[in-house]
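Colleague: Attaching a single structure in structure tokens format; questions to follow.
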Amino acid sequence: MFNKILIANRGEIALRVICACKELGVRTVAVYSEADRNSLHVRFADEAICIGPPRSAESYLNIPAVISAAEIANVDAIHPGYGLLSENANFAEVCETSHIKFIGPPPEVTRLMGEKEKARVAMKKAGVPILPGSEGVIQSEDEALEWAKQVGYPVILKASAGGGGRGMRVIRGAEELPKLFQAAHSEAAAAFGNGDLYMEKFIERPRHIEFQILADQHGKVITLGERECSIQRRHQKLLEESPSTRVTPKLRKQIGDKLESSLTDIGYQNAGTIEFLMDEDGSLHFIEMNTRIQVEHPVTEMVTGVDLVKAQIRIAAGEKLSEIVTAPIEMRGHSIECRINAEHPEKFTPSAGKITAFNTPGGTGVRVDTAAYAEGVIPPYKFMERFLESSRNGSGR
């Protein structure tokens with residue numbers, strides 16, 4: 001097991017990792033920007049190092065600063081949490097070069113699954129159902145028109161390197177395709193530095209279903225059931241639950257078996273989430289994979305009894321899944337997670353400031369993952385960065 005882990009994140013996920021480390025007897029190092037000096041993850045970690053100014057680009061996303069902190073603190077591993085550098089293959093490679101264990105999949109696997117059109121090809125090859133769509137990146141408007149004709153309208157253009165609704169456009173007819181193709185390409189290039197697009201058949205009223213997996217370094221992959229995240233606002237999940245009321249035991253096993261086989265073939269390691277859309281006929285279609293822990297991981301933990309964050313750490317330390325998950329996965333009960341945002345109650349825009357009162361619910365079956373506290377301050381920087389990003393594509397977060 002590791003002696004010391006640096007958490008390259010902030011907020012509730014940083015606290016979650018710190019708690020898991022304490023239970024495993026592992027010392028922790030928090031990194032923080034100047035704006036987060038008084039945050040709870042800084043207080044609860046064994047050590048804390050300031051890595052830069054308030055803006056994420058100059059602190060949490062500053063790879064040299066994070067690695068320097070890890071080397072100064074002499075850590076064995078880095079846990080990236082979710083968001084920020086968690087799916088950055090270059091960061092994983094730098095960790096590897098620096099002889100620091102990255103708690104996540106190998107960089108080449110992160111890179112493969114992060115390029116969505118390549119991930120679609122890999123899943124299709126393994127027999128995982130995917131939506132009809134283009135084969136690889138679309139190079140021009142003319143090619144997009146040809147693919148749309150083959151797939152059948154409506155279709156959706158998506159950014160190969162993106163997420164969160166950016167670089168995404170629904171097209172319902174050939175006459176609007178050229179304009180929307182250029183808009184999606186420009187938005188993707190501005191948001192991700194990569195304007196590559198691919199196309200899928202658009203499902204009008206889908207359900208969003210995602211499967212949780214764990215994979216060790218010894219070729220073993222298991223699925224831990226599914227979560228339903230269909231209630232969203234502007235491509236951001238608001239309510240998550242497990243299990244889904246629309247996934248039958250037969251379908252759960254069928255998809256689980258295919259995922260375990262396909263992820264073993266590509267050499268996946270650590271935690272991950274495979275996202276599907278369910279059409280009105282109840283069929284599932286792969287759309288993408290998140291190569292990290294998810295915000296909504298607690299609902300899976302509540303119904304399976306498996307601590308996913310501790311499992312991540314133990315897997316990265318070289319333990320076998322058979323030592324971590326010692327009983328067959330059985331989903332018991334039902335869990336629902338509500339995501340609470342600091343927003344203006346009428347405008348639904350980000351609202352920073354001091355928390356004057358903070359009371360959390362309690363009781364049997366109630367769990368609260370948060371970094372908020374009474375008299376704590378919600379800084380504007382994180383929200384403004386997200387709001388400005390979302391404003392570029394006409395949606396809030």
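The values are calculated or read from the model by the stated rules, or taken from the named source; none is laboratory data. Bear in mind the structure is a predicted one, so any value in this text is a computation, not a measurement. Every residue, glycine as well, gets a Cβ built from its backbone with ideal geometry; the counts of neighbours run over all protein chains shown. Keep in mind that these areas ignore ligands, DNA and RNA; they rest on the heavy atoms of the full protein, side chains included. Shrake-Rupley method; radii C 1.70, N 1.55, O 1.52, S 1.80 Å.
Colleague: Of everything in the stretch 93-121 that's open to solvent by 20 Å² or more (accessible area, probe 1.4 Å) and in a loop (DSSP other than H, G, I, E, B), which residue is farthest from A317 (Cα to Cα)?
Modeller: E115
Colleague: If you don't mind, there's one more thing I want to ask. Please determine, by comparing only the residues of the stretch 294-313 that are touching a Gly at 6+ places or on another chain (Cβ under 7 Å) and open to solvent by less than 10 Å² (accessible area, probe 1.4 Å), which one is farthest from P107 (Cα to Cα).
Modeller: V303
Colleague: I've got another one for you. Of all residues in the stretch 61-97, which are in contact with a strand residue (DSSP E or B) (Cβ under 9 Å, 6 or more places away or on another chain) and among the small types (G, A, S)?
Modeller: Residues satisfying the conditions are A65, S68, A69, A70, A73, A77, G81, S86, A92.
Colleague: Select from the stretch 265-298 the residues that are part of a strand (DSSP E or B) and of a type in the set (F, W, Y) and list them in ascending order.
Modeller: F276, F286 - these are the residues of the stretch 265-298 that are part of a strand (DSSP E or B) and of a type in the set (F, W, Y).
Colleague: Out of the stretch 252-270, which residues are small (G, A, S) and in contact with a strand residue (DSSP E or B) (Cβ under 6 Å, 6 or more places away or on another chain)?
Modeller: G256
Colleague: What single numbered condition from (1) surrounded by fewer than 23 Cβ atoms within 10 Å (Cβ to Cβ); (2) touching a residue at least 60 places away in the same chain (Cβ under 8 Å) fails to hold for D281?
Modeller: The failed condition is (2).
Colleague: Restricting to the stretch 342-377, name every residue that is open to solvent by 80 Å² or more (accessible area, probe 1.4 Å) and in contact (Cβ under 8 Å) with a residue 40 or more places away in the chain.
Modeller: F348, R367, V377
Colleague: For the stretch 74-92, state whether one or more residues are aliphatic (A, V, I, L, M), open to solvent by 40 Å² or more (accessible area, probe 1.4 Å), at pLDDT 95 or above and out of contact with any Pro (no Cβ under 8 Å at 6 or more places or on another chain).
Modeller: No, the conditions are met nowhere in the stretch 74-92.
Colleague: So, of the residues in the stretch 325-341 that are of a type in the set (D, E, K, R) and in contact with a Leu (Cβ under 9 Å, 6 or more places away or on another chain), which turns out to be most open to solvent (accessible area, probe 1.4 Å)?
Modeller: Per the stated criteria, the residue is R339.
Colleague: Determine which single condition S322 fails, assuming it passes every other condition in (1) more than 24 Å from N88 (Cβ to Cβ); (2) modelled with pLDDT of 95 or more; (3) surrounded by 14 or more Cβ atoms within 10 Å (Cβ to Cβ).
Modeller: Exception for S322: condition (3).
Colleague: Also: Of (1) in a helix (DSSP H, G or I); (2) over 23 Å from the mean Cα position of the chain (by Cα); (3) under 27 Å from F192 (Cβ atoms), V66 satisfies all except one. Which?
Modeller: It fails just one condition, (2).
Colleague: So the check is Cβ under 8 Å with 6+ separation or different chains; which pairs have a first residue in the stretch 107-127 that's polar (S, T, N, Q) and a second one that's open to solvent by less than 40 Å² (accessible area, probe 1.4 Å)?
Modeller: Listed pairs, sorted by first residue: T110/A89; T110/A92; T110/G104; T110/T291.
Colleague: Which residue out of I313, I340 is among the aliphatic types (A, V, I, L, M) and in a loop (DSSP other than H, G, I, E, B)?
Modeller: Testing whether each residue is among the aliphatic types (A, V, I, L, M) and in a loop (DSSP other than H, G, I, E, B) leaves just I340.
Colleague: Inspect the stretch 273-283 for any residue being in contact with a Leu (Cβ under 8 Å, 6 or more places away or on another chain), of a type in the set (G, A, S) and over 25 Å from A14 (Cβ atoms) and give the result as yes or no.
Modeller: Scanning the stretch 273-283 turns up at least one residue that is in contact with a Leu (Cβ under 8 Å, 6 or more places away or on another chain), of a type in the set (G, A, S) and over 25 Å from A14 (Cβ atoms).
Colleague: How many residues does the stretch 252-267 contain that are in contact (Cβ under 8 Å) with a residue 24 or more places away in the chain, surrounded by fewer than 14 Cβ atoms within 10 Å (Cβ to Cβ) and of a type outside the set (S, T, Y)?
Modeller: 1
Colleague: P64 passes all but one of (1) modelled with pLDDT of 95 or more; (2) out of contact with any Gly (no Cβ under 8 Å at 6 or more places or on another chain); (3) crowded, with 20+ Cβ neighbours inside 10 Å; which number fails?
Modeller: Tallying (1) modelled with pLDDT of 95 or more; (2) out of contact with any Gly (no Cβ under 8 Å at 6 or more places or on another chain); (3) crowded, with 20+ Cβ neighbours inside 10 Å, P64 fails exactly one: (3).
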